[in-house]
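The structure under discussion appears below in the form of structure tokens.
Any read-out appearing in this document is the output of simple, stated calculations on the displayed coordinates, not a laboratory observation. Here the structure is a predicted model, which means the values were calculated and not measured. Positions of Cβ are generated from backbone atoms using ideal geometry, with glycine treated the same way; all protein chains shown enter the neighbour counts.
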Amino acid sequence: MIIKEIDQTEICEAKKLIWKVFLNFEASDYTKEGINTFKNFLDNKEALLKLKMYGAYIDDSLVGVIGTRKNNNHISVFFVYKKYQKQGIGKSLFKIVIQKATKDEVTVNSSPFAVDIYKKLGFECIDHEQLVDGIRFVPMLYRINKKTS
């Protein structure tokens with residue numbers, strides 16, 4: 001497996017992966033408004049280009065994506081194809097974010113589906129579940145211990 005930054009030529013492939021995994025695992029937790037809000041975000045090329053995105057590649061195929069904003073301190077997207085889940089790919093992608101973070105904390109607004117996944121990575125819930133524009137999320141925080149990361 002290779003982890004590398006996703007460039008502009010790979011954005012479409014990353015977007016397809018994100019959308020497919022979203023539909024498989026998260027869309028059922030959202031209202032139609034939430035699904036449309038997420039789709040509109042993915043269709044906003046300007047917003048996607050503002051993200052720092054990293055991809056996990058196996059045999060030159062993109063199998064996982066993590067995207068951050070706020071100088072690598074907030075995770076905006078984090079998706080791995082079902083076939084490749086529970087193989088350490090997500091953890092490897094997350095390690096890149098920790099290495100690139102510019103602060104001692106990384107935040108995420110986790111979907112209800114992913115809360116337990118983020119907890120396994122070391123995140124803690126910092127607020128109750130919220131609903132904005134049909135998107136359900138739980139604000140979470142990861143404190144970076146620079147000595148062990």
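Descriptive notes on the structure:
- Computed label-point distance, nm, for sites Glu129 and Thr37 using a 7 Å Cα→Cβ extension: 1.4 nm
- Couplings 3J(HN,Hα) for the range 78-90, derived from phi with the Karplus relation 6.51 cos²θ - 1.76 cosθ + 1.60 (θ = phi - 60°), are 7, 9, 9, 3, 3, 4, 10, 6, 6, 10, x, 5, x Hz, where x marks Gly and Pro.
- Restricting the range 1-105 to trypsin sites (Lys or Arg not before Pro) in coil, as DSSP defines it, with at most 10 other Cβ within 10 Å: Lys86
- Whole-number D in µm² s⁻¹ for the range 15-55, Kirkwood Cα-pair radius fed into Stokes-Einstein, 10 °C, 1.306 mPa s: 146 µm²/s
- Annotation for Asp59 and Asn145: the two label points, set 7 Å from Cα along the Cα-Cβ direction, are 3.9 nm apart.
- The modelled label-to-label distance for the pair Asn44/Lys120, using points 7 Å beyond Cα in the direction of Cβ, is 3.1 nm.
- Taking the empirical scaling 2.2 N^0.38 Å for compact globular proteins as reference, the range 47-87 has a Cα radius of gyration ratio of 1.23.
- Against the rule of thumb 2.2 N^0.38 Å, how large the Cα Rg of the chain comes out: 0.98
- Residue-wise HN-Hα couplings along the range 25-38, as the Karplus relation 6.51 cos²θ - 1.76 cosθ + 1.60 with θ = phi - 60° gives them from phi, are 10, 10, 4, 5, 8, 10, 6, 4, 4, x, 4, 5, 4, 5 Hz; Gly and Pro carry x.
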